[in-house]
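Q: For reference, the structure I am asking about is given below.
Just so it is clear, none of the values below were taken in a lab; they were calculated from the coordinates. Remember, it's a predicted structure, so these values are computed and weren't measured experimentally. Every residue, glycine as well, gets a Cβ built from its backbone with ideal geometry; the counts of neighbours run over all protein chains shown.
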Amino acid sequence: MRYRHLDHRNKPTGFAEPRRQPDDFLNHERKKRRFLELLKRFLKLLLVVAFLIAILYFGYRQYGQTPQLFSIKPTPNAFNENPVATTQVTETLVERIYASTPSPEPINVTWLETRVHELINAQRTKNGLNELRWNDALANAARKHSVDMATRNYIAHDSPEGHDLTWRYTQEGFVCLSTYGENINQEWTFDTTWYSTRVGATIEWKTQEQIAQNIVADWMNSEGHRKNILMPAFGTEGIGIAVTSEGKVYANEDFC
């Protein structure tokens, strides 16, 4: 069948030929279709990868243990008798860490007590005060209290039975006829533990010097403990320290 159409003057103009789209338009359409096809393939690939990751993740959660990261800081505030853990770490976890990573330097409690005593006197000298004399009876009272806190896992000036420092003094046959006082602290033998069930445990151990420095720094940064250290009326002291298998360091300083 043949078709004819008229121009604006209503005159026959011959046969109407099919109109072709411009080449630029056709090229744009081809690019558009190709882009959409590539996008579909990419989305399909993305879904497959996400599906595989989900399978691996939930399979690992079911049959393995998810690696965990713990940051262990000195547990109690040195100025608070009621310690609050900055990170909740189970005893089992800490024991596992210690079992897998032995301390490179065994803690010498006697050396640590002596070093804390030296650092205390350095603070007093720096502030124009006399040095404190070492007293074995006060050191024994302080050490026994540190051992008791470490054994029964508490930190307080009074024992669970209500025994205070004056009771501990009398147990050592010591009577303080002047002003007396006490500082306590709980430190750690390490700073931070990065723990993963896949790669084991790594502990950043403190040196004994760092432990001693931290104990005294904690006390000096607390108004009440600093006041005790710099008390002009005190003439003698004893330092007692106990270290637990979990790396806790309990320090006790008794004055008279």
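Q: Subtract the Cα-Cα distance of LEU43 and GLU204 from 0.36 nm times their separation in residues, and report this length gain in nm to one decimal.
A: Extending this stretch completely gives an extra 53.4 nm.
Q: What's the local net charge at LEU230, with K and R +1, D and E -1, over the other residues with C-beta under 10 Å away?
A: +4
Q: Would you mind computing, in nm to one decimal, how far apart the modelled labels at THR125 and TRP167 are, each placed 7 Å from Cα along Cα→Cβ?
A: Computed distance between label sites THR125 and TRP167 equals 3.8 nm.
Q: Would you mind putting 151-164, 29-42, 178-191 in packing order, based on average other-beta-carbon counts within 10 Å, highest first?
A: 178-191, 151-164, 29-42
Q: How much net charge surrounds ASN185 when only other residues with a Cβ under 9 Å from its Cβ are counted (Lys, Arg +1; Asp, Glu -1)?
A: That works out to -3.
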